[in-house]
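J.: Shown below is the structure under consideration.
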Amino acid sequence: MRTLLIVVTAVFCAFTAWIVSRTGLTGFYAQLADSPAAWQVLTDITIALGLVLIWMWRDARAHGRAFWPYVPLTLVLGSIGPLLYLLLRPDTWPAVDAQHTSVA
(Lines give C-alpha, C1' and ligand atoms only; values in the text may rest on other atoms or scores of the structure.)
Protein backbone atom coordinates (compact mmCIF):
# COMPACT_ATOMS: atom_id res chain seq x y z
CA MET A 1 0.00 0.00 0.00
CA ARG A 2 2.87 2.39 0.70
CA THR A 3 4.08 1.97 -2.88
CA LEU A 4 0.63 2.89 -4.15
CA LEU A 5 0.61 5.98 -1.94
CA ILE A 6 4.03 7.02 -3.27
CA VAL A 7 2.88 6.59 -6.88
CA VAL A 8 -0.41 8.47 -6.34
CA THR A 9 1.39 11.31 -4.55
CA ALA A 10 4.09 11.60 -7.21
CA VAL A 11 1.64 11.50 -10.12
CA PHE A 12 -0.74 13.98 -8.50
CA CYS A 13 2.11 16.36 -7.61
CA ALA A 14 3.40 16.21 -11.19
CA PHE A 15 -0.11 16.78 -12.57
CA THR A 16 -0.65 19.73 -10.22
CA ALA A 17 2.73 21.23 -11.14
CA TRP A 18 1.87 20.91 -14.85
CA ILE A 19 -1.53 22.60 -14.37
CA VAL A 20 -0.07 25.42 -12.26
CA SER A 21 2.74 25.92 -14.82
CA ARG A 22 0.10 26.44 -17.52
CA THR A 23 -2.29 28.65 -15.52
CA GLY A 24 -0.26 30.09 -12.65
CA LEU A 25 -1.51 29.63 -9.10
CA THR A 26 -3.78 32.68 -9.23
CA GLY A 27 -4.98 31.73 -12.71
CA PHE A 28 -5.89 28.30 -11.41
CA TYR A 29 -8.14 29.81 -8.73
CA ALA A 30 -9.51 32.42 -11.16
CA GLN A 31 -10.71 29.63 -13.45
CA LEU A 32 -12.57 28.09 -10.52
CA ALA A 33 -14.60 31.30 -10.22
CA ASP A 34 -15.70 31.23 -13.88
CA SER A 35 -18.84 29.07 -13.69
CA PRO A 36 -21.45 27.82 -11.24
CA ALA A 37 -20.35 24.24 -11.93
CA ALA A 38 -16.81 25.18 -10.86
CA TRP A 39 -18.23 26.84 -7.73
CA GLN A 40 -19.95 23.57 -6.84
CA VAL A 41 -16.78 21.55 -7.35
CA LEU A 42 -14.77 24.06 -5.30
CA THR A 43 -17.37 23.96 -2.51
CA ASP A 44 -17.39 20.16 -2.53
CA ILE A 45 -13.59 19.98 -2.39
CA THR A 46 -13.52 22.59 0.39
CA ILE A 47 -15.94 20.54 2.50
CA ALA A 48 -14.03 17.31 1.86
CA LEU A 49 -10.64 18.85 2.63
CA GLY A 50 -12.08 20.50 5.74
CA LEU A 51 -13.11 17.05 6.98
CA VAL A 52 -9.67 15.68 6.11
CA LEU A 53 -8.00 18.55 8.01
CA ILE A 54 -10.09 17.70 11.09
CA TRP A 55 -9.01 14.05 10.81
CA MET A 56 -5.34 15.08 10.32
CA TRP A 57 -5.50 17.39 13.35
CA ARG A 58 -6.91 14.64 15.57
CA ASP A 59 -4.51 12.04 14.20
CA ALA A 60 -1.50 14.31 14.61
CA ARG A 61 -2.50 15.15 18.17
CA ALA A 62 -3.02 11.47 19.03
CA HIS A 63 0.38 10.51 17.61
CA GLY A 64 2.41 13.53 18.73
CA ARG A 65 2.99 14.75 15.17
CA ALA A 66 3.12 18.24 13.77
CA PHE A 67 -0.14 19.24 12.10
CA TRP A 68 0.42 22.87 11.10
CA PRO A 69 2.93 22.30 8.26
CA TYR A 70 0.21 20.44 6.36
CA VAL A 71 -2.48 23.10 6.75
CA PRO A 72 -1.09 25.63 4.23
CA LEU A 73 -0.22 22.80 1.83
CA THR A 74 -3.81 21.59 2.00
CA LEU A 75 -5.34 25.06 1.74
CA VAL A 76 -3.20 26.07 -1.24
CA LEU A 77 -2.53 22.78 -3.03
CA GLY A 78 -5.50 20.64 -1.99
CA SER A 79 -4.94 16.93 -1.62
CA ILE A 80 -1.16 17.26 -1.74
CA GLY A 81 -1.16 18.18 1.98
CA PRO A 82 -3.04 15.09 3.16
CA LEU A 83 -1.14 12.84 0.74
CA LEU A 84 2.18 14.04 2.15
CA TYR A 85 0.84 13.71 5.70
CA LEU A 86 -0.01 10.05 5.02
CA LEU A 87 3.23 9.43 3.16
CA LEU A 88 5.32 10.80 6.01
CA ARG A 89 3.25 9.11 8.71
CA PRO A 90 5.30 6.42 10.47
CA ASP A 91 2.37 4.02 10.22
CA THR A 92 1.04 4.94 6.77
CA TRP A 93 -2.35 3.32 7.16
CA PRO A 94 -3.90 4.26 10.50
CA ALA A 95 -5.07 1.42 12.69
CA VAL A 96 -8.68 1.59 13.72
CA ASP A 97 -9.16 2.24 17.43
CA ALA A 98 -11.02 -0.40 19.38
CA GLN A 99 -13.61 2.21 20.37
CA HIS A 100 -14.41 2.87 16.71
CA THR A 101 -14.87 -0.78 15.77
CA SER A 102 -18.01 -1.51 17.76
CA VAL A 103 -21.22 -1.75 15.80
CA ALA A 104 -24.25 -0.06 17.33
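The values are calculated or read from the model by the stated rules, or taken from the named source; none is laboratory data. If you're wondering where the values come from, they're calculated on a predicted model, not measured in any experiment. For neighbour counting, all protein chains shown are included, and Cβ atoms are generated from backbone atoms with ideal geometry for every residue, glycine included.
J.: Tell me, please, whether a residue that is surrounded by 12 or more Cβ atoms within 10 Å (Cβ to Cβ), modelled with pLDDT under 90 and not polar (S, T, N, Q) can be found in region 29-37.
T.: Within region 29-37 (the criterion being surrounded by 12 or more Cβ atoms within 10 Å (Cβ to Cβ), modelled with pLDDT under 90 and not polar (S, T, N, Q)), the answer is yes, since at least one residue qualifies.
J.: All but one of (1) touching a residue at least 12 places away in the same chain (Cβ under 8 Å); (2) more than 13 Å from T74 (Cβ to Cβ) hold for T26; which doesn't?
T.: The failed condition is (1).
J.: While we're looking at this one, here's another question. Restricting to region 15-28, and then to whatever is over 16 Å from G81 (Cβ atoms) and of a type in the set (G, A, S), can you tell me which residue is surrounded by the fewest Cβ atoms within 10 Å (Cβ to Cβ)?
T.: S21
J.: Tell me, please, whether a residue that is of a type in the set (D, E, K, R), surrounded by 12 or more Cβ atoms within 10 Å (Cβ to Cβ), at pLDDT below 95 and under 14 Å from the mean Cα position of the chain (by Cα) can be found in region 60-79. First the steps, then the outcome.
T.: Within region 60-79, the first condition is being of a type in the set (D, E, K, R), and the residues that meet it are 61, 65.
If we keep only those that are surrounded by 12 or more Cβ atoms within 10 Å (Cβ to Cβ) too, we end up with 65.
Filter again for at pLDDT below 95, leaving 65.
Pick out the ones that are also under 14 Å from the mean Cα position of the chain (by Cα) and you get none.
Within region 60-79, none of the residues are of a type in the set (D, E, K, R), surrounded by 12 or more Cβ atoms within 10 Å (Cβ to Cβ), at pLDDT below 95 and under 14 Å from the mean Cα position of the chain (by Cα).
J.: Further, regarding this structure: What pairs come up if the first residue lies in region 62-74 and is under 14 Å from R89 (Cβ atoms), the second is among the β-branched types (V, I, T), and their beta carbons are under 9 Å apart, counting only those six or more places apart or on different chains?
T.: none
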